[in-house]
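Visitor: Here's a structure for you.
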Amino acid sequence: MELLHSLHASHPHTRREQIKQGQKKKRPEHNVCATRAVTMAVEIVKSELVRPSEPTPRGALWLSNLDLAARNGYSPTVYFFRRPDDVGRRDDDDDDDGQPPAGFFSADVMRAALADALVPFYPFAGRLGGGREGRAEIDCSAEGALFVVARSAAALDDLFESFAPSKGMRDMFVPAYDSAGPGAPLLLLQVTFFRCGGVALGTAMHHFVIDGRSAFNFIRTWAAIARGDPAAAVTPSLDRTPLRARPAPTVLFDHTHEYGGRRRTATPTSGDITNKASAEEYASAILRVTSSQVSALRTRAGGAVSTFRAVAAHVWRCACAARALSPDAESRLYTMVDMRGHLYPPLPDTFFGNAVARTSASALVGDLLSNPLGFAARRLSAATGHGDQYARSVVDYLETNMAAAVPRGGMSGTDMRVISWLGMPSYDADFGWGEPALLAPALMYYTGFVYLMNCQGKEGGVAVAVALEPECMERFKELFYEELATLVHHV
């Protein structure tokens, strides 16, 4: 019998009582607090706008309903790079002086490569504009992307092993901008040099402009140019017209759970602002699932189940148990489906914009915990197996109901939001000194938010970045790994 099944069947309310009692005691310190002291160690050396190295098209670029359904704000991400093994070594000196080799993450090289990358990706050099009736659009003005060089008195190892997304990490590594509204730059970048010779690259991209795959394609191109391999650069497809609503909008599915009904403009509402959203207290962690554990999850979930569905189902069940939810409560897991390959005709992988549609699966907590893993995985399969008609229905729904977004101040304490970066070129970020040692979101928006990412290296596996209520996190981690151990033992 699976651990979660046993826990639910024997003590369906015990954990809730423990949590209630725990709330009266000292709460576990979450990761935002753990990074505040380190945050003070960052010094901005230079901040500038980098414009495209060649003339680029000017004018307004239309944003689709899927673009406007994204969060009106920035998505902060951070990459960590270790210095090469031969750092600081001279032929006549065996000592390691801790300094990187000449040219390691040279600001001049990074800046010049960025200017070249902004030629094909010229919308990133523009600004958010407000078109007719206030509908947001991209003003392709070539004003440039923000490029910041910083240094920190911290060592990379001070942060690397225990890194978890938090406001402190975002503030330390990712450039800030006062507003994501009209006139805001669409791309913010920061290179931070550590005293040990390591480097952090922080990125903040306006979500109206890109989804995850688009973001990684840009980084892939910037990196290829920096290392002198322009053949590996991506030529983005900027044509968003395939995502226009049909002349006679036809809504074939119920999208009310995933999308609201308020108009999206260039001006963010209070719930869209990252600072406000991140102010909610949460604990965050990055948990790793080995390739053998992923295989065990997939086998237990039904064999043919995708990695995303198997791991997301495991996360969903563990979160319900850790939160000690009532068996009669409904829990909903929200996620996104990349529609590039599901549309007819399909969009290219190089499509630059938002090509993801929201979907969700729901079940009673009692059913999730009393049934095997395959029950949750099948719910997710049904929710994420949509094709062209679903995507067209979403676009038409947003056309008739006006593009909308999920509130950014959080969601119900019974629900989860799982974003997948699995299978994306996330580690194709070799600027000439090797791929990153770690890639992760710099910030989690609220409790219940989860990212699934490929682990670095050839060993494979999945990294799970999760944000939960502080009083639930330790129990979640216990269940997460105990259940994995049980599954691997019985497969």
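Visitor: Ranked by Cβ crowding within 10 angstrom, fewest neighbours first, how are 206, 255, 342 ordered?
Guide: With the fewest neighbours first, 206, 255, 342 line up as 342, 255, 206.
Visitor: Which peptide among 49-60, 464-475, 149-160 comes first, and what is the full order, when sorted by highest mean count of other Cβ atoms within 10 Å?
Guide: Highest to lowest by the protection proxy: 464-475, 149-160, 49-60.
Visitor: With each label point set 7 Å from Cα along the Cα-Cβ vector, what nm distance links residue 288 and residue 400?
Guide: 4.9 nm
Visitor: List every residue whose amide H lies under 5 Å from the amide H of residue 285, counting only residues 5 or more places away in sequence or on a different chain, with H placed 1.01 Å from N in the peptide plane.
Guide: Here the answer is 466, since their amide H atoms fall under 5 Å of that of residue 285.
Visitor: So, one more: Between residue 253 and residue 488, what length in nm is gained on full extension when 0.36 nm per residue of separation is reduced by their alpha carbon distance?
Guide: 80.8 nm
Visitor: Shifting gears a bit: With only alpha-carbon pairs counted, each pair once and no self-pairs, how large is the Kirkwood hydrodynamic radius of the range 285-402 in angstroms?
Guide: The answer is 15.8 Å.
Visitor: Turning to a different aspect of this structure: Could the peptides 287-295, 189-197 be put in order, highest first, of the mean number of other beta-carbon atoms found within 10 Å of their residues?
Guide: Ranked from most to least packed, the peptides come out as 189-197, 287-295.
Visitor: Using the Karplus equation 6.51 cos²θ - 1.76 cosθ + 1.60 (θ = phi - 60°), what ³J(HN,Hα) coupling, rounded to whole Hz, does each residue of the range 197-211 give in order, writing x for Gly and Pro?
Guide: These are the phi-based 3J(HN,Hα) values: x, x, 9, 10, 10, x, 10, 9, 10, 5, 6, 5, 8, 9, 9 Hz.
Visitor: Kindly write out, for the range 141-150 in residue order, the coupling ³J(HN,Hα) from the Karplus curve 6.51 cos²θ - 1.76 cosθ + 1.60 (θ = phi - 60°), rounded to whole Hz, with x marking Gly and Pro.
Guide: Running phi through 6.51 cos²θ - 1.76 cosθ + 1.60 with θ = phi - 60° gives 9, 6, 6, x, 9, 7, 10, 10, 10, 9 Hz.
Visitor: Sticking with this structure for a sec: Using only the alpha-carbon atoms of the range 374-491, report the extent along each of the three principal axes, biggest first, to the nearest angstrom.
Guide: 47, 41, 32
Visitor: Under 5 Å between amide hydrogens, which residues at least 5 positions from residue 211 or on another chain qualify, with H placed 1.01 Å from N in the peptide plane?
Guide: It is 353, 354, 355, by chain and number.
Visitor: I want to check the label-to-label distance for residue 46 and residue 151. Put each point 7 Å from Cα in the C-beta direction and report it in nm to one decimal.
Guide: It works out to 1.3 nm between the two label points.
Visitor: Need the C-alpha centroid separation for the range 147-168 versus the range 415-461, integer Å.
Guide: Rounded to whole Å, the Cα centres lie 16 Å apart.
Visitor: May I pose another question? For the range 360-491, calculate the relative contact order in percent as a whole number, restricting contacts to Cα pairs under 8 Å that are 6 or more residues apart.
Guide: 16 percent
Visitor: Further question: Taking amide hydrogens as modeled 1.01 Å from N in the peptide plane, which residues meet the under 5 Å criterion relative to residue 73, leaving out close sequence neighbours?
Guide: Hits under the 5 Å cutoff: 207, 208.
Visitor: How big is the range 105-203 by the Kirkwood estimate over distinct Cα pairs, in Å? Intermediate results must be reported in sequence, preceding the final value.
Guide: Details: mean 1/r = 0.0661 Å⁻¹.
About 15.1 Å for the range 105-203.
Visitor: I'd like the Karplus ³J(HN,Hα) series for the range 179-187: coefficients 6.51, -1.76, 1.60, θ = phi - 60°, whole numbers in Hz, and an x wherever there's a Gly or Pro.
Guide: 9, 9, x, x, x, 6, x, 9, 9
Visitor: Another question, then. Output needed: percent of Cα pairs per 10 Å distance bin for the range 427-490, bins running from 0 to the one holding the longest distance.
Guide: Pairs per bin, as whole percents: 17, 37, 32, 12, 1.
Visitor: P(r) for the range 338-391: what percent of alpha-carbon pairs falls in each 5 Å bin, starting at zero?
Guide: Going from the shortest bin to the longest, the percentages are 4, 18, 24, 16, 12, 11, 9, 6, 1.
Visitor: How much of the DSSP beta bridge set in the range 116-217 is antiparallel, as a percent to the nearest 5?
Guide: Close to 65 percent.
Bear in mind these aren't lab numbers, they're just calculated from the coordinates by the rules spelled out. These numbers were taken from a predicted model, which means no experiment stands behind them. When we count neighbours, we look across all protein chains shown, and the Cβ atoms used for this are built from the backbone with ideal geometry, even at glycine.
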